[in-house]
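Shown next, in structure tokens, is the structure this report addresses.
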Amino acid sequence: MANDSSRVPKTVEAWAFVQKMIGDITNIVAADAENEREMLEGLGVVSRVTALCSELTVEADPDLPWFFDMCSPTRLVGGPNPDGRYLLAMIRGDRSYRVTGTRGTTAYLGLQVLAGTGMTPRRMAAYVSDTDLKLNDGTFALVFSATEPSTAELDGAQWVQIPHDATSIVVREYIADAATEQSATLDIEPLTAHPPQTITDDEAAEQFTAMAWTIMKLTTLHRTIKPELMDQPNTLVTSEAADLGEADTTPDNLYMLGTFRLATDESLVLEFEPPDTRYWNVTLENIWHECLEPRRRHSSVTNKGVAPDADGVVRIAVGANDFGHGHWLDTGGRHRGFVVFRWLDNPDPPKMSVSVRGAAR
């Protein structure tokens, strides 16, 4: 039987848009990669982002959602913290949901509601930090809905108001010491059952269109988030969450962001007095904002993984080799990439000294 695209014309058109978007991104990767390795890594990022965006859009079920991990041991794209977890559940603003869980013992847990559909930019519509959670012997319950439920409907849960265009709940969890900390657990269930509906041409087209735009967003962060840093290597600048996009960060996270460009016999040495906070970490990424092989090399460190020297200063050396300039973060021989320093709870940015040093002291 011949294919008849006229049966679902909008979906076929949207799928063609996905294909075109991937082709356009391939051209961007080819234009921005400086060598074969960056080209190969860039195409790998396109593949992994495409898989992630399919989960975010086409595979989503807001009527019966679940929390899935946006990262995996081999998929750490979009500038994540490799010393953490990023869970996501897709929701609808005209539905009500109960989220239950255990806090665990990790350094940080935050739940963020994102809103905005179609061509409306995504925004943060609500945020619950672990400091706001009401715990009962380490457990919590939250109800997400547009209107405030009755006391009986809440049944002891905290109410989180969501707008009509709410789309997802994002959970961020930071882990300072994976060997000793216990991760949180979370479950989500709709408060009202809705019978399954057959997807329409309009709905499928909207999913594929959202998929295409999200692929573009996550594969071109190097062009959209402080792109000037690509031309100003070996420096770090302070960025508040809003500077990096409120849909991609939370208000209690602060950042220093920069790029490295190094020869194999050079190190980028960061020297700073650690901020007065419960959690910070330093992470290396390639130019596509993908974490550097954390299963294979030591490319990130938390405040639990490195101690200040006798003078109270933390020294971290970024490079292809360990020349003894500080706690070594391994670039894997990449000549350039991103350095991300994040910390919690809004203390003042630390005074950061950055220098390039050769193999000899």
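Averaged over its residues, region 94-230 has an accessible area of 49 Å² per residue, based on protein heavy atoms and a 1.4 Å probe.
Simple point charges give the picture: +1 on the Cβ of Lys and Arg, -1 on the Cβ of Asp and Glu, and for region 131-196 a dipole about the Cα centre of about 100 debye. Amide hydrogen proximity for Val318: with H placed 1.01 Å from N in the peptide plane, the residues at 5 or more positions away or on another chain lying under 5 Å are Leu268, Val269, Leu270, Leu329.
Taking the charge dipole of region 299-361 about its Cα centre, with +1 at Lys and Arg Cβ atoms and -1 at Asp and Glu Cβ atoms, the residue from Gly358, Gly319, His335 reaching farthest to the positive side is His335.
Selection among Gln158, Thr214, Ser168 by position relative to the dipole of region 148-216 gives Thr214 as farthest towards the positive end (Cβ unit charges, Cα centre). Based on C-alpha pairs under 8 angstrom that are at least 6 apart in sequence, the chain has a relative contact order of 19 percent. Using the Karplus relation 6.51 cos²θ - 1.76 cosθ + 1.60 with θ = phi - 60°, the per-residue 3J(HN,Hα) values for region 135-148 come to 9, 10, 6, x, 10, 9, 9, 10, 10, 9, 7, 6, 10, 5 Hz, with x marking Gly and Pro. Computed extension gain for Val58 through Thr192, at 0.36 nm per residue and net of the alpha carbon distance, reaches 46.0 nm. For Asp137, the accessible surface of its heavy atoms amounts to roughly 150 Å² (probe 1.4 Å, protein chains only, rounded to the nearest 10).
For a quick check of your reading of the filter: which trypsin sites (Lys or Arg not before Pro) in region 302-352 sit in a DSSP loop and have no more than 14 other Cβ atoms within 10 Å? Mind showing how you got there, number by number?
Details: sites: Lys304, Arg315, Arg334, Arg336, Arg342, Lys351; in loops: Lys304, Arg334, Lys351.
Hits after loop and neighbour filter: Lys351.
Starting from the Cα gyration tensor of region 162-231, take the square roots of the eigenvalues, sort them a ≥ b ≥ c, and report rounded, prolate or oblate (rounded when a/c is under 1.5, otherwise prolate if a/b is larger than b/c, else oblate). If you can, show how the numbers build up before the last one.
Details: a/c = 2.87, a/b = 1.13, b/c = 2.53.
Verdict is oblate for region 162-231.
Region 172-215 and region 67-123 have Cα centres lying 7 Å from one another. Measuring nothing but protein heavy atoms, the accessible surface of the chain at 1.4 Å probe radius is 51 percent carbon and sulfur. The gain in end-to-end length when the Asp231 to Ala31 segment is fully stretched comes to 70.5 nm, 0.36 nm per residue minus the alpha carbon separation. Positive end of the dipole of the chain (Cβ unit charges, origin at the Cα centre): among Gly305, Val18, Val128, the Cα lying farthest that way belongs to Gly305.
Magnitude of the Cβ-charge dipole of the chain, K/R +1 and D/E -1, about the Cα centre, nearest 20 debye?
Numbers: 31 positive and 52 negative charges, 127 e Å.
That gives the chain a dipole magnitude of about 620 debye.
Charges were assigned to the Cβ only: +1 to each Lys and Arg, -1 to each Asp and Glu. The resulting dipole of region 273-361 about its Cα centre is roughly 320 debye. Lysines near Lys10 by alpha-carbon distance under 26 Å, same-chain residues fewer than 8 away left out - which ones? Here the lysines satisfying the reach criterion relative to Lys10 are Lys20, Lys217.
Can you bin region 8-71 into rounded, prolate or oblate? Criterion: square roots of the alpha carbon gyration tensor eigenvalues sorted a ≥ b ≥ c, rounded for a/c under 1.5, prolate for a/b above b/c, oblate for the rest. Mind dumping the intermediate values first?
Details: a/c = 5.05, a/b = 1.49, b/c = 3.39.
Cα axes put region 8-71 in the oblate bin.
The values are calculated or read from the model by the stated rules, or taken from the named source; none is laboratory data. Small disclaimer: the values here were computed from a predicted structure and weren't measured. In this analysis, Cβ positions are derived from the backbone assuming ideal geometry, glycine residues included, and neighbour counts consider all displayed protein chains. Side chains included, ligands, DNA and RNA excluded: accessible areas come from the protein's heavy atoms. Shrake-Rupley method; radii C 1.70, N 1.55, O 1.52, S 1.80 Å.
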